[in-house]
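Just below is one structure, and these are the notes that go with it.
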Ligand SMILES: Nc1ncnc2c1ncn2[C@@H]1O[C@H](COP(=O)(O)OP(=O)(O)OP(=O)(O)O)[C@@H](O)[C@H]1O
Ligand SMILES: [Mg+2]
């Protein structure tokens with residue numbers, strides 16, 4: 001499953017929602033959060049959480065590129081084993 005949180009309007013809770021949703025998904029299975037925002041808030045939050053000794057329980061990577069969908073599809077991440085293949 002892939003979910004995208006997208007809005008051109010700033011400050012509407014995208015990053016906050018992404019963390020909450022990823023927290024929930026992490027409880028169901030392996031979860032990767034991809035920060036596509038050049039501002040890098042999600043990655044910063046992830047770093048700060050780790051520095052405070054409470055790391056986010058899911059993996060966060062930063063990929064602020066327009067073709068992130070292509071890069072992800074070609075990456076080793078797409079070839080990772082799936083817990084529940086079709
Ligand atoms: N459901 C909510 N209720 C109240 N405040 C919220 C809620 N979700 C987010 N906020 C607050 O709104 C502000 C903006 O949230 P957030 O950084 O997640 O938005 P964003 O859309 O990712 O912003 P940006 O466009 O800068 O990336 C933050 O101060 C956050 O704490
Ligand atoms: Mg944000």
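Tabulated data for the structure shown
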read-out: Cross-chain or 6+ apart pairs with Cβ under 7 Å, segment 7-25 first and under 18 Å from residue 49 (Cα atoms), then within 7 Å of ligand 1 (Cβ to nearest atom) and in a helix (DSSP H, G or I); value: 15/41
read-out: Selection from segment 5-39 of residues that are under 19 Å from residue 72 (Cβ atoms), outside any helix (DSSP H, G or I) and either touching a helix residue (DSSP H, G or I) at 6+ places or on another chain (Cβ under 9 Å) or away from ligand 1 (no atom under 13 Å from the Cβ) (or both); value: 5, 6, 29, 30, 31, 32, 33, 34, 35, 36, 37
read-out: Candidate set from segment 42-61 (those that are within 17 Å of residue 3 (Cβ to Cβ) and within 14 Å of ligand 2 (Cβ to nearest atom)); member that is surrounded by the fewest Cβ atoms within 10 Å (Cβ to Cβ); value: 60
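Every read-out reported here was derived from the displayed coordinates using simple, explicitly stated rules and does not represent laboratory data. Treat the numbers as computed from the prediction; the structure is a model and nothing was measured. As a convention, Cβ positions derive from the backbone with ideal geometry for all residues, glycine included, and neighbour counts pool all protein chains shown.
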